[in-house]
Every structure is written in C-alpha cells, then in structure tokens.
Amino acid sequence: MKTKDENDKYEKELVESVLKDFEERQAERKTFESNWQLNINFFLGNQYSFISPVGDLMENGKQYFWQEKEVYNHIANIIELRQAKLSRVRPTLTVIPFSDDERDIACAKTSKKILKAVSQNINMSKILSKGTMWSEICGTVFYKVDWDNNLGKIIGVNSLGNEIKEGDVEVTVCSPFEIYPDSSTYNNVEDCMSIIYARSFHKDMVKNIWGVDVQGKDIDVYSLDALSISGGLGYSTLSNSMAKKVKKDQVVVIEKYEKPTIEFPNGRLIVIAGDKLIYNGDLPYVNKSEGKRGFPFIRQTCIPTPNCFWGASLIERLIPIQRAFNAVKNRKHEFLNRLTMGILSVEDGSMDIENLEEEGLSPGKVLIYRQGANGPKLLSSDSMPIDFKQEEDALLNEFVNISGVSDLLNQTSLVNASISGVALQLMIEQDDIKLSSSSEEIKYSAKEIAKQILRLYKQYAKLPHASRIIGDNGLVELFYWSSSDINSEEVMFETENEINETLAQKRSMIFELLNSGLLNDENGKLTNSMRAKILEQLGFGIWESTQDIKTLQSKNASKENLQLIMEQTIKEPSEIDDHDVHVLEHISFMLGNEFEKSILKNPEIEDKMLEHIRKHKKFKNFNQENKES
C-alpha cells in the first residue's frame, strides 16, 4: 500500500504528464483550429480575414479611405439553406427484440417508448440542429452522452438535508474546439487510444461542481463577440468576428478518457482542474456493446475526409469563390463611384483645392478660379465594362456548382421556363440527394446516441421511473420502467428518406391513396378511426374530440388484448361494451403472430380469450332478445 507521500508524488507526476500531453495535442491541432476560425468568420461576415504563415488569423483593413470593402455573404445563405433541409432528418427509431420470446418483445417495446420519452424530454431535435450547425461550419461536431445525478425527480433527502434525485441522461453538443484526440490520423472515435475533453470554467463554478478550490488565471478563449470593420466610401459597417479573447479567473478542466487496455481493462478517466487531480479511475459508463466501457462521444462530420479524424466543411471550398465575388462587386462599385461622382481635373494654383476636397461639386456650387487659368473639368469615363457582369454571373454559378445547393424558386431561368411538375420534382430530388452524405451522418449520430442512452439507463436506472409519451392511439400514455426492462440495445431506423419527404409530398401521397380507395374498409367507406388517423398524418394534430364511440371501443378492446398477454387475465365483458367491435378486435388479435407465440408459452391464454369472446356473444344475443321482446 502506498504512503501519502508516494500518492502525492504519483498524483503530481500524473497531472504533469496529462498537462504535457494536452499541450502537445494543442500544437498538433493548431492548423485545424485556424481553418475552423476562418470558416466561422466567413460565415459571420468577417470575410477579409486570412491565415498567416505562422498559423494565426489576421485581417486585411482598408488601404484607402475611398476603397470599397463591403461583404456580400453568399456562404451564410448556402449554409442556412443546407441546415434547413437537414433539419428534416429526424429518423424514427425502434428497438429490435433480443429474441422472439414474449418477454423480450415486451422489453423492446418498452425500450422504444423510453427512447421516445427521453427524446421529448431533452429536445433531441434541437440538440441535433445545434450539432449540425457546428458540423456544417467547422466540419466536425461531437455529442457527449453521460449521466447526471442532479437531474430527474426527487426521491429523498440525505443526512445533510440535500435533495437526492433519481438522475437522468444528458446529451451535450461538444464543439471541435473542445476535443483533442491522441492523433488526427484516425478515422473515427473508436480508433483513438485516448481523447481529451477540455473546457474553461470560472473558478467559482469549479468549486460548485467539483468542490475544489483552484487558483484562476487569465486564459485565451475563442469568443464570437469581437467586431470586424468593413464598408465603403464615406461609411463603415461592423460584423461579428471570432477571435481569441482573454477571460479572467478561469480554470481549464481536462477530462482524459483512455481506451480499455491490458493494464486498465475498464479504461481510465482522469479529471484535472488547473493543476489539481479531481478523479482517477475506471471509465464510468458501460456504453458499448457486450457490456464494455468506452468513450462517451459520438462524432458527426459534414464531409468525411480519408485518414483524418476531422471532417471537412463546405465553407472551405466556397471561401476562394466568396473572396473573388467580393472583389468583383467592390471593384464594380468603385467604378460606379468614379462614373457618377467623376474625377475633377484642376490646373495647379487656379483654385482653392482644400475647399474643393471638403465640399466637392455640390449642386449650384459657384466655382472661383484664377483669372486667365483654365476652368476645372471632369475627366471623361468609359461606360461599365461587360466583364464585370460576366464574371459576377460566372461566380454565382460557381457557388451553385461547388456547394451543390440551389434555391430553385429563385432561379429566373426556371421561373420563365415551362417545366412540368414531374421534371421539377426530379430536379428537387437531385438537388436534395447532394445532401445525402451529411444526412447519413446525422442519422448515424441519432442511432448511436439512442444506443448509449439505453445502455446508461440499463446501468443506472435501478429504481422504477415514470415517463409519459403520446401513444400510437393518440392518448397520453404513462408507463413505469426500470433497468430490468432494457435487455436489447439494437436500434434501427423505421424511416429512411426523411430529407426527400416534405409535408406537401406526404399530404399529396395521402390524397392519392384516398382517391384510389386503398384506405376504405370492406364496404368501400372511410371509417371514423381511419379518418382521425388521416387528419393526424396531414399535420392537423390529434383531434381527440372527433373520436366516436367505435374508436373508443376499439382502443378498449386493444387494452384487453394487452392485459391478457402481460397479466394472463382479462376483465369480464361489460354492458357498455360494443360487442361486435370487441369480438372483431379479439379475433384479429388471435390471428396475429404475437398471440401465436404467447400460447406456446402459456396455452391457457387461448382458452381464456375464447371464453371471453363467447361471453361477448352471449351479451350480444341477450341484448337482441331484449330488444325483440
């Protein structure tokens, strides 16, 4: 057993080695950071910045007072359009049962409900949108899935009077500035031997979270509140810029995650705040398949790059075009300034030059010049060269060709042309298919996040949890679950083509199905339950007030079917039941695969269901006899 001095020496050496490793990773990643800064600046509108030979971000100011240095930001429009289209990629996930056992099937259904409930609670759509913004601008983003004991419902109070909560999962979007792999040549997170997650906190925040006092210091952090000056002749404009900014009383908190090895079979997590060791132990989360521990990070890229940990951004390809476009537009406006304001030729000593420079040639101005001298005159200027227009149009087309994104409705060639709806739809699909790589990255991230969420609940959710979801029948469903209800982590997609499926396309398909009669019943009519489902799919929400008595009877019969499978009991028929509806629902359930598998486990279920159906028929016959009498 180590003595206190030996432990102190070990901790000091461990902290020094981690800090040294962190500095080396910072140096290795500096080139990528400069590119990310440049991408962010061009997206925000600070487009006169460049990377110096030493890797620092520099800015070009105006060289002359008359110089046009305006920004015509097409990059922001392209990225926002891509984000709007990618926001439709929200895959519906389901869980595959571990086996065909009825218990496993029920657990898989519960796991699917858990994913649906947690997605609503943490607003998964907003998290994916925030992550997609980072990946579109910088090329890479990370999602961190961990467990927070301070979340969830209060389940008790400890001896100190502090609240004890049940805990819950937390999904955090991590920018690429916070992640440091041991090498930038890996293709994914799982290939890394270790990953450092570094953030800057105020020293008081470190005290509140980890309970340690650490001396704060001035730290250079990236900030978006810097300003860049641009403009033209006689005016200036301000735009946001990303640059390093000094923050006081800050502490760098480093979390180093090490992959499981022979020396550390459960991996290792080292947490350091400033120069103090906070934690040194196993990786906390069993978040990988087969009960293994691993990194809690999921990587998402915009454009995958071969043999590189960091993805590429579309902005990197658009920056040269954007610079050329700004140059053409500004030179064009400078030419127009010369054309409209003119260039005055004045004989030396013939006039008061200072007055002329300050006031210019205002309308009605009286020009006084020396007697005998030649009067001032404007130099003749040529008309606007056609080259400006040609180059501007060529650059606009190049924006579309390089980005692969175009706003078809704003293209005059399409507006004035006579194009069929089918051809226009094909053009839209071709335009959207260029986003397939980025959309697949989002779907993969959502799938991996769902897997890690289930594994964390399986590890930590030992106590019963209560969750609410909107069920398939349109009702608010409250269900209880715990870690024992999660025995499968195989997540798959229920939907595939979200990016090509707009609400208008969905509605059009539903109307086509309605006109073809495929949604009608055997009598050729549209049932009330189907009508309610169609209204829901059309985007009008769940109209609970439109549910008729037959819909409610059908839902009640479905609950009885589920009760028989789960509890091996079924309630007696009631006088308020619509026996025809109940009998049809029960027979339909008996003809399904789920019922066949259930009777293999418990043959008595079939006898109970048949007896229940006979009682419904007796009730029906009894009611008919009473009506006849």
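Things to note:
- Charge tally in the Cβ shell below 13 Å around Pro573, where Lys, Arg are +1 and Asp, Glu are -1, Pro573 excluded: -1
- Cut-off 13 Å, label 7 Å out along Cα→Cβ of Asn266, residues of segment 279-300 by amide N: 280-287, 292-294
- Net length gained if the chain between Tyr72 and Lys597 were fully extended (0.36 nm per residue, minus Cα distance): 182.5 nm
- Net charge contributed by nearby residues that have their C-beta within less than 12 Å of Ile321 (K/R +1, D/E -1): -2
- The packing ranking, built from the mean of other Cβ atoms within 10 Å per residue, places the peptides 255-265, 507-517 in the order 255-265, 507-517, highest first.
- Spin-label model, Leu519 to Ser482: label points 7 Å out along the Cα-to-beta-carbon direction sit 4.4 nm apart.
- Burial ranking of peptide ranges 138-145, 87-94 (average Cβ count within 10 Å, highest at the top): 138-145, 87-94
- Reachable lysines from Lys276, criterion Cα separation under 22 angstrom, eight or more residues apart if same chain: Lys2, Lys4, Lys9, Lys12, Lys20, Lys203, Lys207, Lys217, Lys247, Lys248, Lys256
- Approximate spin-label separation His333-Glu163, in nm, with each point projected 7 Å along Cα-to-Cβ: 5.4 nm
- A cut-off under 9 angstrom between Cβ atoms defines the neighbours of Gln250, and their net charge, with Lys, Arg +1 and Asp, Glu -1, is +2.
- Computed over segment 549-629, Kirkwood Rh from alpha-carbon pairs, angstrom: 13.1 Å
- Within straight-line reach of Lys615, meaning a Cα separation under 29 Å, sit the following lysines at least 8 residues removed in sequence or on another chain: Lys550, Lys555, Lys559, Lys571, Lys597, Lys601, Lys627.
- Separation of the Lys62 and Glu440 label points, Cα + 7 Å toward Cβ, nm: 4.9 nm
No value in this document is a laboratory result; all are computed from the given coordinates. Since the model is a prediction, treat every value here as computed from it, not as a measurement. A quick note on method: Cβ atoms are made from the backbone with ideal geometry, for glycine too, and the neighbour counts reach across all protein chains shown.
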